[in-house]
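This report concerns only the one structure given below.
The values are calculated or read from the model by the stated rules, or taken from the named source; none is laboratory data. Keep in mind that this is a model prediction, so the values were computed, not measured. Note that each Cβ is placed from the backbone with ideal geometry, even for glycine, and that neighbours are counted across all protein chains shown. Note: accessible area is taken over every heavy atom of the protein model, side chains too, but ligands, DNA and RNA are not part of it. Shrake-Rupley method; radii C 1.70, N 1.55, O 1.52, S 1.80 Å.
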Amino acid sequence: MRYPAVVAAVFVLGFSIGAPRAQQNPRSLGAGSGNVTIVDFAAVDAKGQPVTDLTAADVAIRIDGKPHDVHGLQLIRRDPPAPLGMPASDPMPAPFATNLAAGAHGRAIFIIFDNETMVAGREQRVRDGVLALLNLLGPSDQAAIVTVPHGGVATDLTGDLNKLRAAAGQLAGAGASSETADEAACRSRLTVQAITSLLARRAGAETPTEVVFVSSSLSGPRSNISAGATSLGRGNVGGCELPNDEFTKLGLAAASARAHFYIIQPELLAATVGASDSALAGLENIASVTGGFIGYLAGSDEPGFQRVALETSSYYAATIELDPADRGGSSRQLSIKTTRPDVVIRARPLLTLGQPTSARGRNGAAASPKDMLRTATVYRDTPLRLSAFVSRNPG
């Protein structure tokens, strides 16, 4: 019996070859095209609903105040959550190996809980909110739960929802019933430094990083001099310094990690850190240097955690061409605006531009697959090798 010849196998060699996703390493589009980069941003309406019909003509992008034409605008949708009661199916495994931490359309969400701003016994609303967010994640999404400033990591970045739910159920407040302005400044400085350190490990991320920072209060910049009692009477004494530079470093780390910040305040704290210090100044500073959004749980019916899931369900990747002056590894001021009056843009105020990536190692030699898998860099110019053979196959 003769069987028709069919194509039995196709072998493709490719390591972490990205689709045209958001990228901030300049790359070439071909001879004479110059270098381009892709910047990402979210677009929502006043209620936090994603706006999914923007065009390139609706968007204006400036780098250091100079306008850049938008050559392309792509809407990237995240995987929707699995239906309630249905287990999430595993995504298709990558061929052979991959160095990507999440799926091509998955979120990487870091839930950072500032446990020293909440008194023990009052954290159930936070636990419920985190669980609500986790239940809205898609099969390609990953999350990590971190407590700051002293709590450490509860979970690493993972897609194991059972592990994440267990960690969320263990979130506990460790705040004091009252603290001085100096104590609040010391706590705030450690918190800002912890977040900066976490973002530094995401430097050069190829896809956006979502950060949900849960905190009731954070001191703003202050010097290390405060008024108080000394051995010679009342005067100036040393306090806990929280320089503006700490917030600047956080903003730079957020730009490099391509972080979108959502700050959720679970309790409205007023003058708990002294009359001369605002309990919200630090939260407002983080929102300013990251382009973040501040939401509230206390005194409001707005579902803050669910809104995070909704707003991060899609984002835009805009392709712009770089001028020679734009190149380099420094950070640039980024402005993204829209002509649509009903749309709010969520974008970082800084853009970090790295050097063009290529599948080359040191001294210009081709990077080996093993070397390429050791980093999170996406090598888009990796050559593909395709082969096929035919065979006689029953069925």
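Give me, ordered by chain and number, the residues 5 or more places off residue 158 or on other chains with an amide H under 5 Å from its own placed amide H.
It is 143, 144, by chain and number.
Given the whole protein assembly as supplied and a 1.4 Å probe, what does the accessible area of residue 164 come to in Å², nearest 10?
0
Take the Cβ-Cβ distance between residue 296 and residue 370 as r, set R0 to 35 Å, and report the resulting FRET efficiency rounded to the nearest 0.05.
Computed FRET efficiency for residue 296 and residue 370: 0.10.
Which order do you get for 79, 141 if you rank them by accessible area with a 1.4 Å probe, largest at the top?
79, 141
Residue 176 versus residue 73, label points 7 Å from Cα toward the beta carbon: distance in nm?
Output for this residue pair reads 5.1 nm.
Quote the FRET efficiency, to the nearest 0.05, computed for residue 201 versus residue 330 with a Förster distance R0 of 22 Å and r equal to the Cβ-Cβ distance.
Computed FRET efficiency for residue 201 and residue 330: 0.60.
Per-residue accessible area for residue 78 at 1.4 Å probe radius, Å² rounded to 10?
We get 20 Å² for residue 78.
Step through the residues of region 310-322 one at a time and calculate ³J(HN,Hα) from phi using the Karplus curve (6.51 cos²θ - 1.76 cosθ + 1.60, θ = phi - 60°), rounding each to whole Hz and writing x for Gly and Pro.
5, 5, 8, 6, 7, 7, 9, 10, 9, 9, 10, 8, 9
Pop the C-beta distance of residue 340 and residue 248 into the FRET formula with R0 = 22 Å and round what comes out to the nearest 0.05.
Computed FRET efficiency for residue 340 and residue 248 comes out at 0.10.
With label points built 7 Å along Cα→Cβ from the Cα atoms of residue 387 and residue 288, find their separation and express it in nm.
For the pair residue 387/residue 288, the computed spacing is 6.1 nm.
Mean projection of the alpha-carbon convex hull of region 160-212 over all orientations, in nm²?
Mean projected area for region 160-212: 5.5 nm², to one decimal.
Test of understanding: what is the full-extension gain from residue 132 to residue 60, defined as 0.36 nm times their sequence separation minus their Cα-Cα distance?
Length difference between fully extended and current span is 22.4 nm.
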